[in-house]
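Data block below; observations after.
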Amino acid sequence: MVYLIVFLPLLGSILSGFWGRKLGDRFSMYLTSSLLISSMLFGWIEFINLSNNQVDKIYPLLTWIEVGDFNVVWSLRYDMLTAVMVIVITTVSAMVHIYSIGYMSHDDSKPRFMSYLSLFTFAMLMLVTADNLVQLFFGWEGVGLASYLLIGFWYHRPSAHAAAMKAFIVNRVGDFGFILGIIATYSIFGTVYFDEIFHDVGSLSKISIKIFGLNFNSIELISILLFIGAMGKSAQLGLHTWLPDAMEGPTPVSALIHAATMVTAGVFLVCRISPILEYAPFALDLITIVGALTAIFAATIGLTQFDIKRVIAYSTCSQLGYMFFAAGVSAYPASMFHLTTHAFFKALLFLGAGSVIHAMSNEQDMRKMGGIWKKIPITYTLMWIGSLALAGIPFFSGYYSKDLILEAAWAASSNSGYFAFWLGVIAAFLTAFYSWRLIFLTFHGNPKASNEVMSNVHESPIVMLFPLFILGIGAVISGWIFYENFVGHHWHDFWGHSIYISDNNKALKLAHYVPNWVKLLPVLLAIIGILTAYIFYIVLPKLPSIIAKSLNPIYKLFYNKWYFDELYDYLFVKSFVKAGHIFWKSGDENTIDRFGPDGISRLAKYISSKSVILQSGYIYHYAFAMLIGLVVLLTLILMGKGI
């Protein structure tokens, strides 16, 4: 059954990709969706079986790499960490496939789109079922490739093409750190297999690596390098710039990439290597600080954006920050818990935004919306559910997972933990504010669209609404259903050996005993955030523009995304383009080509142009040339004999 879970999406991708035109658009969409639904059902069955019978298994496939003493067997690792990721990935992907049947109904390349979706899902499943770092990297790069294809699906748009390139290149920066981490791991442990690495990490934790004359603790270095890889995929501060631009892809792509799959790969990696991180306290502090800064940074940008998908995208970036600083304080189960609940309500919000865009004739600017809640009441209600879960309002799923992360950060009783707690609390207020800013601007107030657009506003078809209902149920119940198993007092019985927490790190255990004000503060601030948004956008709708003008420098800073794109463009893009132009003109054209292929071809052309003069066509010319040649030959012979 495990083989079917992983390879059914690949089968759908191949059939739809290579024979989609012959199979037909509708059959291709139904085929890939059916295979994904089957994969999802098998995934849930395996999850339930593993929950009742904690027996981790490894399913070998074939010998993949065999070079000297280095062997990599392609195997499928199935423990509880894998099982949780599988149900999240397949459930969201199946809903996205079904949703796409309606959303992409007018597109000319439906089989290609469905093939890319299934390929993406297969690559993600390969990543989470990897038994070693090399196989995980294969899935890691497969996800990167598929995301490039999906973000740039509408390749005729220059913005989509640029966004796909940006996502691919920025992720390569993180992947370079990941590759160095794999190399460092192999050099220290002599293996890339997780079980062997985790078994030896304690005994090798004191070994140092000398780089540029400086000594570094090997485990700390490995942890930081692998975390850099995770930063790229999960859009953490510094390597986050690709994520909002990825909104150029179709809306189902946004839900798939930003809800439960690609962006959570980094969180999964950090939790997978928890036995290594527990011996790297500095790396854990770094993860905590970067995660906390990402949470507050992305939340400030979400306050000022007007593209409905970009607001949700920055929300994703912020929530990923929560997941990372949970892992940074060694509360890995809390990180995975929020990953799971977040997948439901964030996919719901993205697909709900797609339903709004569909109703508004492809309009994405919230300033051109408003006054439509009565016309699309189902979408409106489901967007409320997703927003309540995102804001952490009792008793929706986000309340259980996000608040536990804040409690664990406080319970860590470390400087980095307190730092993460306070930034996380402020981010909780901002999250609630921009979530209801989106609700009020999109659905309430006076209609700002043209009469023609407003007359065409309609509810989405059932094929698009059905996935929203399923995800809405998950956004409501996943928190209290999974709470006890994921993060309760007996979390270890559930996660088994898939997650390891040192006895010295008790943040998760103590999170259940923090003061009441720590538990109540995030909820109180979330409610205040909602009320503040109501005052700003319903009671006093002119107030936001007044505040934006009075705080213009800060507003511009947030609106322009802290100028990260401009900074990178100045520091890296322009300098690399300039250097590339120099190498192209001076190095390639004026040196290599001039003295290489172009020079040789010009020389051959010159010689041939001169040689052709000798080919006059007159016999007496040839006879005279032969006579001259004979005289020269005889002269050389006579000179050689010394006559």
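The values are calculated or read from the model by the stated rules, or taken from the named source; none is laboratory data. The structure displayed is predicted, hence computed values, not measured ones. Positions of Cβ are generated from backbone atoms using ideal geometry, with glycine treated the same way; all protein chains shown enter the neighbour counts. Surface accessibility is based on the protein's heavy atoms, side chains included, excluding ligands, DNA and RNA. Shrake-Rupley method; radii C 1.70, N 1.55, O 1.52, S 1.80 Å.
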What is the magnitude of the charge dipole of the chain about its Cα centre, with +1 placed on the Cβ of each Lys and Arg, -1 on the Cβ of each Asp and Glu, and no other charges, expressed in debye to the nearest 20? 1780
In the chain, taking the dipole from +1 charges on Lys and Arg beta carbons and -1 charges on Asp and Glu beta carbons about the Cα centre, the listed residue (Ile197, Ser616, Phe433) farthest towards the positive end is Ser616
Report, in degrees rounded to the nearest 10, the 0 to 90 angle that the Cα long axis of helix 619-640 makes with the longest principal axis of the chain. 80
Can you tell me which lysines have their Cα less than 23 Å from the Cα of Lys110? Leave out same-chain residues fewer than eight positions away. Lys22, Lys309
If I ignore ligands, DNA and RNA and count only protein heavy atoms, how much of Ile183 is accessible to a 1.4 Å probe, in Å² to the nearest 10? 100
If the label point sits 7 Å along Cα→Cβ of Tyr3, residues of the stretch 52-73 with amide N under 11 Å come out as 60-62
For the stretch 81-200, with +1 on Lys and Arg beta carbons and -1 on Asp and Glu, the positive-most of Phe178, Ala123, Val92 along the dipole: Val92
What is the gain in length, in nm to one decimal, between Lys585 and Leu145 on full extension, counting 0.36 nm per residue of separation less the C-alpha to C-alpha distance? 155.3 nm
Report the extension gain between Ile179 and Arg157 in nm, rounded to one decimal, defined as 0.36 nm multiplied by the number of residues separating them, less their alpha carbon distance. 4.7 nm
q = 0.14, 0.17, 0.25 Å⁻¹, the stretch 468-517: log10 I(q)/I(0) [Debye, one scatterer per Cα]: -0.50, -0.68, -0.98
With no solvent and one equal point scatterer per Cα, compute the Debye intensity ratio I(q)/I(0) for the stretch 398-498 at 0.21 Å⁻¹ and report its log10, rounded to two decimals. -1.19
Per the charge dipole of the stretch 446-546 (beta-carbon charges, Lys/Arg positive, Asp/Glu negative, Cα centre), the residue among Ile538, Pro467, Trp480 reaching farthest to the positive end is Ile538
Surface share of carbon and sulfur [accessible, 1.4 angstrom probe, percent] for the chain: 68
Solvent-accessible heavy-atom area per residue, rounded to whole Å², over the stretch 537-596 at 1.4 Å: 79
Approximate spin-label separation Lys374-Lys210, in nm, with each point projected 7 Å along Cα-to-Cβ: 7.9
Given a Förster distance of 56 angstrom, what is the FRET efficiency for Tyr559 paired with Ile613, based on the Cβ-Cβ distance and rounded to 0.05? 0.20
So how far apart, in nm, are the two label points at Val463 and Met165 if each is 7 Å from Cα heading toward Cβ? 3.5
Under a Cβ-only charge scheme (Lys and Arg +1, Asp and Glu -1), can you give me the dipole magnitude of the stretch 349-441 about the Cα centre, in debye to the nearest 20? 340
Taking the stretch 321-417, how much of its Cα-Cα pair set, in percent, is spaced more than 15 angstrom apart? 64
Using only the alpha carbons of the stretch 19-143, what is the convex hull's orientation-averaged projected area in square nanometres? 8.8
How many nm is it between the label spots at Asp56 and Asp493, if each spot is 7 Å from the Cα in line with the beta carbon? 2.0
Need the C-alpha centroid separation for the stretch 122-147 versus the stretch 48-115, integer Å. 9
At 1.4 Å probe size, with every protein chain present, just tell me what the per residue accessible area of the stretch 1-74 comes to in Å². 59
With angles folded into 0 to 90 degrees, how steeply does helix 516-534 sit against the dominant principal axis of the chain? Use alpha carbons for both and round to 10. 80
If you roll a 1.4 Å probe over the heavy atoms of the protein chains, what accessible area per residue do you get for the stretch 245-329, in Å²? 12
With +1 assigned to the C-beta of every Lys and Arg and -1 to the C-beta of every Asp and Glu, and no other charges, what is the dipole magnitude of the stretch 470-600 about the Cα centre in debye, to the nearest 20? 680
Give me the number: length gained by fully extending Ser34 to Ser545, i.e. 0.36 nm times residue separation minus the C-alpha to C-alpha distance, one decimal in nm. 179.1 nm
Between the alpha carbon centres of the stretch 552-570 and the stretch 224-284 the gap in Å comes to 23
At 25 °C in a medium of viscosity 0.890 mPa s, the stretch 401-456 has a Stokes-Einstein diffusion coefficient, with Rh taken as the Kirkwood radius over alpha carbon pairs, in µm² per second, of 176
Taking alpha-carbon centroids only, the stretch 390-443 lies from the stretch 148-223 a number of Å equal to 29
Could you give the angle, 0 to 90 degrees to the nearest 10, between helix 397-411's Cα long axis and the longest principal axis of the Cα atoms of the chain? 90
Order His490, His338, His161, most accessible first, counting only protein heavy atoms with a 1.4 angstrom probe. His490, His161, His338
Alpha-carbon Rg with Dmax, taken over the stretch 207-361, Å: 16.7, 62
